[in-house]
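Quick note: the coordinates plus some simple rules give every number you see, no bench work behind them. Only a predicted model underlies this, so the values are computations on that prediction, with no experimental measurement involved. Every residue, glycine among them, receives a Cβ derived from its backbone with ideal geometry; neighbour counts consider all protein chains shown.
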Protein chains: 4
Amino acid sequence: MTNLQQRWEELADIKDELATRDWFMGTSGNLAIKVSESPLQFLVTASGKDKRKRTSEDFLLVDASGQAVEETHLKPSAETLLHVEIYNKTKAGCSLHVHTVENNVVSELYGDQGEITFKGQEIIKAFDKWEEDATLTIPIIYNHAHIPTLAREFSEHVQEDTGVVLIRNHGITVWGRTPFEAKKLLEAAEFLFRYQLRLMEFTK
Amino acid sequence: MTNLQQRWEELADIKDELATRDWFMGTSGNLAIKVSESPLQFLVTASGKDKRKRTSEDFLLVDASGQAVEETHLKPSAETLLHVEIYNKTKAGCSLHVHTVENNVVSELYGDQGEITFKGQEIIKAFDKWEEDATLTIPIIYNHAHIPTLAREFSEHVQEDTGVVLIRNHGITVWGRTPFEAKKLLEAAEFLFRYQLRLMEFTK
Amino acid sequence: MTNLQQRWEELADIKDELATRDWFMGTSGNLAIKVSESPLQFLVTASGKDKRKRTSEDFLLVDASGQAVEETHLKPSAETLLHVEIYNKTKAGCSLHVHTVENNVVSELYGDQGEITFKGQEIIKAFDKWEEDATLTIPIIYNHAHIPTLAREFSEHVQEDTGVVLIRNHGITVWGRTPFEAKKLLEAAEFLFRYQLRLMEFTK
Amino acid sequence: MTNLQQRWEELADIKDELATRDWFMGTSGNLAIKVSESPLQFLVTASGKDKRKRTSEDFLLVDASGQAVEETHLKPSAETLLHVEIYNKTKAGCSLHVHTVENNVVSELYGDQGEITFKGQEIIKAFDKWEEDATLTIPIIYNHAHIPTLAREFSEHVQEDTGVVLIRNHGITVWGRTPFEAKKLLEAAEFLFRYQLRLMEFTK
């Protein structure tokens, strides 16, 4: 199996797993995995596909500007530019963008503040925070309809090899050095969002 | 595989998928797929079947008035007349009617207003709304027990090749040019209903 | 396949299906299916089994008083006496008892009233209520720890071949002429409980 | 199959089952099963693994102090010391630690009280409480980041062969004489947490 095939299978496996949680409602969401460093190339989900199915047209290979590397009838996901920022600025190997009801509601409730902070929750250790009073702050950015503008604002929060950003009413984007790490951060963030909302029902 | 068989398999696949989400509680829900234009014929779910099972009696072929095309002991779903309106008035290829707790609750909470409007939610792009401040309005009609009356009121909202209507305490009906489009609209609408209810818990 | 084997497989199928919904938390719940009329014999779940697994010891055959028909090391479910009431008093063919969070919460919230009534909900047609303003009333009885006492109070509500009773903080029991009918009533009731709780969050 | 292999398979089966409920979000959670009494040895989950996958590196054998019995590149779960307390002090055969949104929220809402008590709920019979007014009290301890300190406080509540402890914002730990019993207690506790939160939404 070539490196490209291996990456393809890894990304397809993650897609399957997130699909079983129904995290791609209404064909929302897009995923990417880095294939090579130089030149920078990564696989990204093709636009308008049913992410609950596994087919040979689920992904396409794009370059550092998000353009298809080879002639193809497939269109890269509309938000490929966000993945471009991640791979150009960090050593991330995988990036995931999904919509859940909880990440959308949290992004709306905390949108005016521009961020949400978690503290005293064991699960934030997934973000490599180990002190007893560690805090985790997730930025929430405005959902510009113009994707290059959105990518520019998004880019301000892309500084490390792992990260997580909420776009208001537009889901979460996480990235990690490996697919496994990206998935771990995504799960931990979603757990925290659910926790926060459930707790707020009793403390608001 | 004949055209009829292909349509059958497509509809059965959608049924399986919606069944895994438990969207047919208490044998509720009905589905249809167009098989031919002229004469107009479509497959519709047979009445009183367990939609979690896949059998050779799940659907039957009906004509433009909703009558079985061939002699059969199967009864078309009681609400076949609603699907009749869709295929007679539009170029839709597939129509789906399901009950979820969320679509029922939304239909009750917004029933007196006769509609619910969503704005500023990325996921409404599933409905081909791309502007930054796009809005999506879903009509909510009264649940007449007399099906021909219900179909008449329903018909007023059947004007385009894609669409979505809530019936008060009686689920959602969506239609699209293809089964994939109908499913996309259904998922997007259900996502919006869940979002709306979850958000309202904190903002009411 | 003998009649006994057929009934066994039918009940095992229902058990599998309810298990996928996680309706047997903490080994709760019990199920029964009638095997013969005279003498009255029915299969009932053996006590203390993991209902997510399918084994040859999941059920045992009991008589009209709930005693094992043959020598066996299996113990009939502690609540077999409730199923005894159903098969002795009606023509039911299957009876299901499950705990869900929603049926427990509804039974507690409406327990002092002794019943809960649903109206204007399409899904109550599952209970053969077809008029536009049909109502469905489900009795809620006290959870006597002494099973014969519980069975006696339960018995007062066992009058027709289909039925549904809530026991306060002790789940729901439904029965129907066929396994399919019992399952349909169970699903419809659970849908109504979820609907009611979700709606009450906004209208209380 | 050796005793070790049998225990391995039993623990892997439980891991699979809990994974289908998504109870290991963000690689959280850890599980253990006793393999021998003297010397005391038990299998415990290896650190940093994807618990949704089944591999030959999911568990490793440790001794009465939680150290790996054989040379290995695998690291026992960071919280192995809690399992050590259980197997050293009781006749438990299996112990499970998982994070759910509900157990975390309950642990936070009742954390200042240091415990939560359930009463009049049928499902507490899973804890061998059979009287009509039986109560079940689950202690909630402080989440010390220093694991030996956490293990010491945890140990105060490890007195019987079955048990359940909440760690504030850090999930639940249950143990039982058999894997089946541990799983039963876990499910019953989670059911009670969900019930409690759902009920409190209407009674707070």
### Task
Mind giving me the FRET efficiency for residue A:142 and residue B:89? R0 is 51 Å, r the Cβ-Cβ distance, nearest 0.05 is fine.
0.80
### Task
Extending each Cα 7 Å along its Cβ direction at residue B:160 and residue C:47, get the distance between those two points in nm, one decimal.
6.2
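Going by C-beta contacts inside 10 Å, put B:89, C:183 in order with the fewest on the left. Walk me through the numbers on the way to the answer.
Numbers: B:89 14, C:183 22.
Ranking B:89, C:183 by Cβ neighbours within 10 Å, fewest first, gives B:89, C:183.
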### Query
From the Cα gyration tensor of the range D:112-204, with a ≥ b ≥ c the square roots of its eigenvalues, which class applies: rounded if a/c is under 1.5, or else prolate if a/b is larger than b/c, or else oblate?
oblate
### Message
Place a point 7 Å from Cα of residue B:67 in the direction of its Cβ. Which residues in the range B:1-19 have their backbone N less than 14 Å from it?
### Response
none
### Query
Gaussian network model of chain B, Cα springs within a sub-10 Å range: biggest mean-square fluctuation belongs to which of B:71, B:102, B:153?
B:71
### Query
Each label point is 7 Å from the Cα along the Cα-to-Cβ direction; what then is the distance between the points at residue A:75 and residue A:131, in nm?
4.8
### Tilt relative to chain A, helix A:80-89 - C-alpha long axis, 0 to 90 degrees, to 10
80
### Query
So what are the three principal axis dimensions of the range B:114-159 from its Cα atoms, in whole Å, longest to shortest?
41, 17, 12
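Quote the charge dipole size of the range B:1-147 about the Cα centre in Debye, to the nearest 20; the model charges only the Cβ of Lys and Arg (+1) and of Asp and Glu (-1). Walk me through the intermediate numbers first.
Details: 15 positive and 24 negative charges, 61 e Å.
Once rounded to the nearest 20, the dipole reads 300 debye.
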## Note on the structure
If one compares the long axis through the Cα atoms of helix B:179-203 with the longest principal axis of the Cα atoms of chain B, the angle in degrees, nearest 10, works out at 30
### Inter-copy label distances at residue D:203 (7 Å, Cα→Cβ; nm, one decimal)
2.2, 2.2, 3.2
### Query
Debye sum, Cα scatterers, chain C, no solvent: what log₁₀ I/I(0) at q = 0.15, 0.16, 0.17 1/Å?
-0.90, -1.02, -1.16
### Task
Using only Cα atoms, locate the centre of the range B:90-136 and the centre of the range C:1-62, then give the distance between them in Å, rounded to an integer.
42
### Query
Considering the dipole of the range D:3-202 built from charges on the beta carbon (Lys and Arg +1, Asp and Glu -1) around the Cα centre, which of D:48, D:170, D:86 is farthest to its positive end?
D:48
### Query
Shortest first and in nm to one decimal, what separations exist between residue B:17 and its copies in the other chains, measuring from label points 7 Å along the Cα-to-beta-carbon line?
2.3, 2.3, 3.2
#### Entry: Gaussian network model of chain B, springs between alpha carbon atoms under 10 Å - residue of B:185, B:74, B:166 with greatest fluctuation
B:74
### Nearby lysines by direct alpha-carbon distance to residue A:34 (threshold 16 angstrom, same-chain neighbours under 8 apart not counted)
A:15, A:89, A:91, A:183
### Summary
Simple spin-label estimate for residue C:38/residue A:204, 7 Å along Cα→Cβ, in nm, reads 6.2
### Message
What does the copy distance list look like for residue C:146, label position 7 Å along Cα→Cβ, in nm and ordered from shortest?
### Response
5.6, 5.6, 7.9
### Query
Looking down the axis that turns A into C, which residue of A has the closest beta carbon, and how many Å out?
A:201, 4
### Summary
Scaled by the rule-of-thumb 2.2 N^0.38 Å, the alpha carbon Rg for the protein assembly as shown gives a ratio of 0.98
### Message
Tell me the angle of helix A:3-20 to the major Cα principal axis of chain A, expressed in degrees between 0 and 90 and rounded to the nearest ten.
### Response
40
